[in-house]
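Participant: Can you read through this structure? Questions will come right after.
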Ligand SMILES: Nc1ncnc2c1ncn2[C@@H]1O[C@H](COP(=O)(O)OP(=O)(O)OP(=O)(O)O)[C@@H](O)[C@H]1O
Ligand SMILES: [Mg+2]
């Protein structure tokens, strides 16, 4: 079954239809049961999509945690991941999931280049400087993207078979995207915990001077960490492109979601980001049957502010022991 | 006399626009303990940072094992065997003891001998072995200083520079750490010591430099410096 994805509603949530009238034989309780099933399905779908939000946010929070830079190129890099998978799929016929590998590699290289051109000299300086330089890069990337692809919607035309739950159909795309996000997040956690570069990244994040004094070239390590953060953003973009239609400007809204997720999951905590993403997705899934989708960002940002006030280090922040 | 393993010539550096060192020259012979003493704010820590390259040298020359390393960044000097255990320990607080030691052995030369060096560190500080999986940030001051020394040794130093080993430690622990240093000296390690506890430092050292206001005020064999009355009263508070 191939459906043009742009026919879905704006957020492309699977639409809930409490169409009781079509089934005159149903018992009195049937609409209620169907509604609960629909709500459950919507929330389950939210969890799947939320895992991808979490993946996107892990890139943002990794960079934030390691070098205290709020990377405003994040959304642009999510967009690049979307178009990366789109172009590889349409131009070379590469399977979108296989395309994740080159997208990650290109994201890493782009990240290293952005680090040396726009970030290196402002690390450790007042936050406004890195906000400005990364915002400038963001404008250049989005501007170039708009010239190349305008702002009209694109979609990656794949539909993997999934399963149905009541009126809901979970496509294989949603299942696979969530699975991929979990695997990548798990890989990131192993990488940071076990590998030489991963440990060096944690060392530089913890104490840059001590890292230098132990023979760790901290600038090169930061460049690689930035590259990994961008690769994660691009991977998340690539997965999102298999779920929803997108435009050059779509990355921006995922950047905003990444900020909410980062605050939910704890600043500078890539593993918490996944939990934060799933929580946000769950909330979106639980709300969509009841409200217009336009309200969702409003509610998300109200939540963002509320969490920041109540838990300044995030909900799942790892409290420094001692 | 053979050429010193580390030579610092007319080093000038500072913070931002503020010059702190005004031409410091030191010679560190291999296998000896050289100490730098001086009042608070004399520029001892600044000398070590400038030597490492954590502070960029404004003027002067630094030679390590005959090679000009003046403009190398700190990490590259560490990889060549010049290692600083900085003031204030500067551990990786969220990492375990083992991970901190691993970071000490980051450079390619130190990685080869990593497990042997780890055993060596554990035999010097058995307490670290007992707490291998504990986070460094949860340690007491004394344990942290042991870990800082251990981490520095993991880097396989040819020259080990130590800034304020005894800061914040009990007299007993300070004694113990100095005994450890003596062992290392006997094993042939070259040490540069910056220390508040002047008595202990001079007792362990072969040669001493007295720093005052960013300049070398006096120098000489440690036992001579220890007995010079002008230095004792003016700079050592003895
Ligand atoms: N980060 C800094 N920024 C500006 N000035 C500094 C900085 N660190 C040290 N100084 C100044 O440099 C001078 C030398 O400081 P330094 O830390 O080298 O002294 P020290 O001999 O190590 O003293 P202490 O025995 O207290 O450790 C002091 O006047 C100090 O105020
Ligand atoms: Mg000092």
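Participant: Just to confirm my numbers, what's the Cα centroid distance between segment B:4-43 and segment B:95-145 in Å?
Facilitator: 29 Å
Participant: Contact order normalised by length for segment B:19-145, with contacts defined as Cα pairs under 8 Å and 6 or more residues apart; what percent is it?
Facilitator: 19 percent
Participant: Once you treat every alpha carbon in segment A:66-122 as an equal point and sum by Debye, what is log10 I(q)/I(0) at q = 0.16, 0.26 Å⁻¹?
Facilitator: The calculated log intensity ratios at q = 0.16, 0.26 Å⁻¹ are -0.55, -1.03.
Participant: Could you compute how fast segment A:196-242 diffuses translationally, taking Rh as the Kirkwood radius over C-alpha pairs and applying Stokes-Einstein at 20 °C with viscosity 1.002 mPa s? Give it in µm² per second.
Facilitator: In µm²/s, the coefficient is 186.
Participant: Rg to Rh for segment A:215-318: what is it, with Cα atoms only and Rh by Kirkwood?
Facilitator: Taking Rg over the Kirkwood Rh, I get 1.03.
Participant: Oh, and also: Based on DSSP H runs of at least 4 residues, each adding -39500 (n - 2.57), what is the mean residue ellipticity at 222 nm of the protein assembly as shown after dividing by all its residues, to the nearest 500 deg cm²/dmol?
Facilitator: Counting only the DSSP helices, I get -17000 deg cm²/dmol.
Participant: Something else about it: For segment B:87-156, what number results from the quotient of the Cα radius of gyration and 2.2 N^0.38 Å?
Facilitator: Expressed relative to 2.2 N^0.38 Å, the Cα Rg reads 0.97.
Participant: I've got another one for you. Given the options A:77, A:129, A:67, which has the most mean-square fluctuation in a GNM of chain A, springs set between C-alpha atoms less than 10 angstrom apart?
Facilitator: Residue with maximal mean-square fluctuation among A:77, A:129, A:67: A:129.
Participant: Antiparallel versus total DSSP beta bridges in the protein assembly as shown: what percent is that, nearest 5?
Facilitator: Expressed as a percentage, antiparallel bridges in the protein assembly as shown total about 60.
Participant: Contact order normalised by length for segment B:87-156, with contacts defined as Cα pairs under 8 Å and 6 or more residues apart; what percent is it?
Facilitator: 55 percent
Participant: Given a 10 angstrom Cα cut-off, can you work out which residue in A:238, A:98, A:56 is the most mobile in a GNM of chain A?
Facilitator: A:98
Participant: Taking Cα atoms, how many degrees apart are the long axis of helix A:172-194 and the longest axis of chain A, rounded to 10 and kept between 0 and 90?
Facilitator: 20 degrees
Participant: Now for a different question. Which whole-number percent is the relative contact order of chain B (Cα, under 8 Å, 6+ apart)?
Facilitator: Relative contact order of chain B: 27 percent.
Participant: Neighbour counts of other C-beta atoms within 10 Å: give me A:254, A:86, B:207 arranged from fewest to most.
Facilitator: B:207, A:86, A:254
Participant: Distance from the Cα centre of segment A:175-193 to that of segment A:86-165, in angstrom?
Facilitator: Comparing the Cα centres of segment A:175-193 and segment A:86-165, I get a distance of 19 Å.
Participant: Return the Rg/Rh value of the protein assembly as shown, two decimal places, where both radii are evaluated on C-alpha atoms and Rh is the Kirkwood radius.
Facilitator: Computed over Cα atoms, the ratio is 1.11.
Participant: Just checking the output field for A:215-221: average partner chain Cβ neighbours within 10 Å of each residue's Cβ?
Facilitator: 6
Participant: For chain A, just run the numbers: alpha carbon Rg, then divide by 2.2 N^0.38 Å, N being how many residues it has.
Facilitator: After normalising by residue count via 2.2 N^0.38 Å, the value is 1.03.
Participant: What order do you get for A:224, A:196 when you list them from fewest to most C-beta neighbours inside 10 Å?
Facilitator: Final ranking by Cβ density, sparse to dense: A:196, A:224.
Participant: Taking neighbour Cβ counts within 10 Å as the exposure measure, how do B:58, B:22 sort from fewest upward?
Facilitator: B:58, B:22
Participant: Among A:73, A:61, A:195, which one moves the most in a GNM of chain A with springs linking Cα atoms closer than 10 Å?
Facilitator: A:195
Participant: Something else about it: Calculate the mean, over all residues of peptide B:77-89, of how many other protein chain Cβ atoms lie within 10 angstrom of the residue's Cβ.
Facilitator: 3
Participant: So for chain B, what percent of the C-alpha to C-alpha distances run longer than 24 Å?
Facilitator: Every Cα pair in chain B considered, those over 24 Å come to 43 percent.
Participant: Another question, if that's okay. Under Stokes-Einstein, with the Kirkwood radius over Cα pairs standing in for Rh, what whole-number D in µm²/s applies to segment A:69-172 at 4 °C and 1.567 mPa s?
Facilitator: Using the Kirkwood radius from Cα pairs, D works out to 82 µm²/s.
Participant: Semi-axes, largest first, in whole Å: what does sqrt of 5 times each Cα gyration tensor eigenvalue give for segment B:131-238?
Facilitator: Over the Cα atoms of segment B:131-238, the ellipsoid semi-axes are 28, 16, 12 Å.
Participant: Using alpha carbons only, how many degrees (0 to 90, rounded to 10) separate the axis of helix B:114-124 from the longest principal axis of chain B?
Facilitator: With both axes taken from Cα atoms, the answer is about 80 degrees.
Participant: While we're here: Mind jotting down the distance between the C-alpha centroids of segment B:159-219 and segment A:213-230, whole Å?
Facilitator: About 33 Å separates the Cα centre of segment A:213-230 from the one of segment B:159-219.
Participant: Another question, then. Just for chain B, what percent of DSSP beta bridges are antiparallel, to the closest 5?
Facilitator: 55 percent
Participant: Within 10 Å of each Cβ in peptide A:201-210, how many partner chain Cβ atoms are there on average? Round it to a whole number, please.
Facilitator: Whole-number average of other-chain Cβ neighbours for A:201-210 is 6.
The numbers here are math on the coordinates, done by the rules we state, and not lab data. As the structure is a prediction and not an experimental result, all values here were calculated from the model. Ideal geometry is used to build each Cβ from the backbone, glycine not excepted, and the neighbour counts take in all protein chains shown.
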